[in-house]
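First the structure, in the form of structure tokens, and then the observations on it.
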Amino acid sequence: MSINPGATETLKILFASSEIYPLIKTGGLADVAGSLPTALRSMGDDVRLIMPAYGDAVAKAGKLKLVAKLGLIGGSVTLLQGCMPDTGVPLWLVDTPTFFDRPGNPYLNADGKPWADNAERFALFARAVLTVAQNRSGLNWKPEIIHCNDWQTGLIPALLYRQSKRPATVFTIHNLAYQGLFPYETFISLHLPASLWSYEALEFHRQLAFIKGGLAFADQISAVSPNYANEIQTAEYGNGLDGLLKYRRNDLTGIINGIDTETWNPATDPNLSQPYDANSLQDKALNKTALQRLMQLPQDSQAMLIGSIGRLVHQKGIDLLLQALPRLIEMPVQLVILGSGDPHYEDALREWLIKHPQQISVKAGYDEALAHQIEAAADVFLMPSRFEPCGLNQMYSLRYGTLPVVRMTGGLADTVIDTTPESLSAGTATGFCFHETESQSMLSALSRAIELYQDKDTWRILQQRGMGQDFSWKQSAQQYRELYQGLLRKYF
Ligand code: ADP
Ligand code: GLC
């Protein structure tokens, strides 16, 4: 592969993801896959996206053209070619209707359980991506880099590893807790090369772990924040993979996610009843009133409105919030929670809503517009995560003048600066942080927020500081480019 070190040459990158906003989204991976490639393209790179052809995604993708038919181990596949809506980034959808044309969540069935054939689905996806990456699908395009994301793409680096004239592989860990684990029998039924069944390869405590394909075989691994890249090398955050990650530490780097600053811009956000910017923060209050009305809360401007949006799962520390609620409702606050996930969290939150409708409002489900409205309306945004590889909502919050209250972990620790006498006088404070995974610790951070909320001038200074920060992809996309270039120089 010819490469001119240091030059700003155009890189050819195939970006593989199991979700891409706005075609389909369950969490932050979709946001990243929807925005990082756009940033790379604006830097002159030839980046193309590849994703399974879920029915919902096909419906949103606009005009698609059938460009290839492939017979692969595990099934036949057709490749549909199109462009991402709005950004025009080229897109291939891997179409196998029996596997992907299912409504709803790409990984879970209507009962919230993983689809029984997830291993077969994402193994076939991996084989299709590999065929494109090796320019064997008749598309007349060969990437220099294949950028894989999370376990659904883990088999790609493993299957490519021993192939000649292959692209360099990058594997990004968005969440190490999701590993794509399946029984040994699945390893056999997928017809994976026997050599991949070992602890150095895909085997993980006698199970098949898709994610190990990325961790063991990618030329370069990245994690979605510098702090998370360090944390996952410890037993506390390593999910049993810390040994492997420590072993690969010279090939592991942390790059903080950027955000789509157009979609998340309070000055132009079409979802808001009243757009605003750092110089018209009084208009933010109108969004608070509008949300209180919408969510049937008293229109009280003095109550500190706490927003929370996210997947209702153990990771996000919803149990900390539930434990804190008896104390929290004694404070001058209102809470708006938007989330979906674990039914027992949904039920518990609903019970609180029934008991305290004057202070608590809950919307179960996924609602993109409401997510924007909460970011704009809330005074503070709560993220008591047990672990948080990067987290996007704290950055959306900072951009919307909504002060984040976060547990000091992963990307939250990299992006929010706690308000202390020192950080206040140094002019660096942007939010409120707590350390322990305990509701008491979270409550004391919230109490500090409530206290500062009375001091409107200081509050405004913090809001404006957060709003003035640059969370765009500019720097992080540049770091990915340098990582790609370094890899090509080193190995190819
Ligand atoms: P994760 O990827 O772990 O879920 P992130 O903070 O990286 O967490 O990203 C979550 C993304 O998904 C954000 O864009 C957030 O606004 C969005 N999101 C999560 N749950 C919901 C929901 N119920 N409705 C609307 N958007 C949601
Ligand atoms: C994951 C993580 C989240 C991160 C997102 C995008 O889902 O849980 O912290 O922001 O991926 O990288």
Candidate set: segment 89-106, residues that are in contact with a helix residue (DSSP H, G or I) (Cβ under 9 Å, 6 or more places away or on another chain) and in a loop (DSSP other than H, G, I, E, B); chosen: the one modelled with the lowest pLDDT: Gly104
Candidate set: segment 66-90, residues that are at negative phi and in contact (Cβ under 8 Å) with a residue 60 or more places away in the chain; chosen: the one surrounded by the fewest Cβ atoms within 10 Å (Cβ to Cβ): Ile73
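May I ask you to list the residues in segment 421-439 that are without any contact (Cβ under 8 Å) to a residue 60 or more places away in the chain and in a helix (DSSP H, G or I)? Give the derivation first.
Within segment 421-439, the subset without any contact (Cβ under 8 Å) to a residue 60 or more places away in the chain is 421-436.
The answer is Pro421, Glu422, Ser423, Leu424, Ser425, Ala426.
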Hits in segment 346-386 (condition: touching a helix residue (DSSP H, G or I) at 6+ places or on another chain (Cβ under 7 Å), more than 9 Å from ligand 1 (Cβ to nearest atom) and closer than 23 Å to Ile24 by Cα): Gln373
Residue within segment 152-164 that is within 16 Å of ligand 2 (Cβ to nearest atom), closer than 21 Å to Tyr107 by Cα, in contact (Cβ under 8 Å) with a residue 60 or more places away in the chain and not β-branched (Val, Ile, Thr) present: yes
Neighbours by Cβ (under 7 Å, 6+ apart or cross-chain): first from segment 128-151, in a loop (DSSP other than H, G, I, E, B) and at pLDDT 95 or above; second within 16 Å of ligand 1 (Cβ to nearest atom) and not hydrophobic (A, V, I, L, M, F, W, C): Asp150/Ser18; Asp150/His174; Asp150/Asn175; Asp150/Tyr178
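Of the residues Met395, Met442, which is surrounded by 24 or more Cβ atoms within 10 Å (Cβ to Cβ) and within 12 Å of ligand 1 (Cβ to nearest atom)?
Numbers: Met442 fails: within 12 Å of ligand 1 (Cβ to nearest atom).
Selected residue: Met395, the only one of Met395, Met442 that is surrounded by 24 or more Cβ atoms within 10 Å (Cβ to Cβ) and within 12 Å of ligand 1 (Cβ to nearest atom).
Limited to segment 366-412, what total is found for residues that are part of a helix (DSSP H, G or I) and either on the phi > 0 side of the Ramachandran plot or more than 16 Å from the chain's Cα centre (by Cα) (or both)? First the steps, then the outcome.
Initial filter on segment 366-412 (part of a helix (DSSP H, G or I)): 368-377, 393-399, 410-412.
Next, from what is left, pick out any that are either on the phi > 0 side of the Ramachandran plot or more than 16 Å from the chain's Cα centre (by Cα) (or both): 369-370, 372-377, 398-399, 410.
Of the residues in segment 366-412, 11 are part of a helix (DSSP H, G or I) and either on the phi > 0 side of the Ramachandran plot or more than 16 Å from the chain's Cα centre (by Cα) (or both).
Checking the structure you have, find out if any residue of segment 189-203 is assigned by TED's automatic domain parsing to the domain that holds Ala126, among the hydroxyl-bearing types (Ser, Thr, Tyr) and either crowded, with 24+ Cβ neighbours inside 10 Å or assigned to a helix (DSSP H, G or I) (or both). Lay out the reasoning, then the answer.
At the first step, the residues of segment 189-203 found to be assigned by TED's automatic domain parsing to the domain that holds Ala126 are 189-203.
Subsequent filtering for residues that are among the hydroxyl-bearing types (Ser, Thr, Tyr) retains 189, 195, 198-199.
Okay, now just the ones that are also either crowded, with 24+ Cβ neighbours inside 10 Å or assigned to a helix (DSSP H, G or I) (or both), so 189, 195.
Yes, because at least one residue in segment 189-203 is assigned by TED's automatic domain parsing to the domain that holds Ala126, among the hydroxyl-bearing types (Ser, Thr, Tyr) and either crowded, with 24+ Cβ neighbours inside 10 Å or assigned to a helix (DSSP H, G or I) (or both).
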Enumeration of residues in segment 313-353 that are part of a strand (DSSP E or B), within 22 Å of the chain's Cα centre (by Cα) and not hydroxyl-bearing (Ser, Thr, Tyr): Val336, Ile337, Leu338, Gly339, Gly341
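Mind checking which strands (runs of 3 or more DSSP E) fall wholly inside segment 1-88 and carry at least 3 residues that are of a type outside the set (Asp, Glu) and farther than 14 Å from His147 by Cβ?
Fully inside segment 1-88 and qualifying: 65-72, 75-83.
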Among (1) within 13 Å of ligand 1 (Cβ to nearest atom); (2) aliphatic (A, V, I, L, M); (3) out of contact with any strand residue (DSSP E or B) (no Cβ under 6 Å at 6 or more places or on another chain), the one test that Ile337 misses: (3)
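Residues Gly310, Gly238: which one is in the same structural domain as Ser385 (by TED's automatic domain parsing), under 22 Å from the mean Cα position of the chain (by Cα) and modelled with pLDDT of 95 or more? Break it down stepwise before answering.
Numbers: Gly238 fails: in the same structural domain as Ser385 (by TED's automatic domain parsing).
The match here is Gly310.
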Which numbered condition Asp414 fails, given (1) of a type outside the set (Ser, Thr, Tyr); (2) free of Cβ contacts under 8 Å to residues at least 40 places away in the same chain; (3) in contact with a Cys (Cβ under 9 Å, 6 or more places away or on another chain): (2)
Test result for Pro167, closer than 20 Å to Gly213 by Cβ, at pLDDT 95 or above and not polar (S, T, N, Q): yes
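Quick check: is even one residue across segment 281-303 surrounded by 15 or more Cβ atoms within 10 Å (Cβ to Cβ), under 27 Å from Asn257 (Cβ atoms) and within 16 Å of ligand 2 (Cβ to nearest atom)?
Within segment 281-303, the first condition is being surrounded by 15 or more Cβ atoms within 10 Å (Cβ to Cβ), and the residues that meet it are 281, 283-284, 286-292, 294-295, 297, 300, 303.
Next, from what is left, pick out any that are under 27 Å from Asn257 (Cβ atoms): 281, 284, 287, 291.
Those still in the list that are within 16 Å of ligand 2 (Cβ to nearest atom) too: none.
The answer is no, given that none of the residues of segment 281-303 is surrounded by 15 or more Cβ atoms within 10 Å (Cβ to Cβ), under 27 Å from Asn257 (Cβ atoms) and within 16 Å of ligand 2 (Cβ to nearest atom).
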Filter result (surrounded by 14 or more Cβ atoms within 10 Å (Cβ to Cβ) and of a type in the set (D, E, K, R)) within segment 451-473: Arg460, Arg465
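The values are calculated or read from the model by the stated rules, or taken from the named source; none is laboratory data. Keep in mind that this is a model prediction, so the values were computed, not measured. A quick note on method: Cβ atoms are made from the backbone with ideal geometry, for glycine too, and the neighbour counts reach across all protein chains shown.
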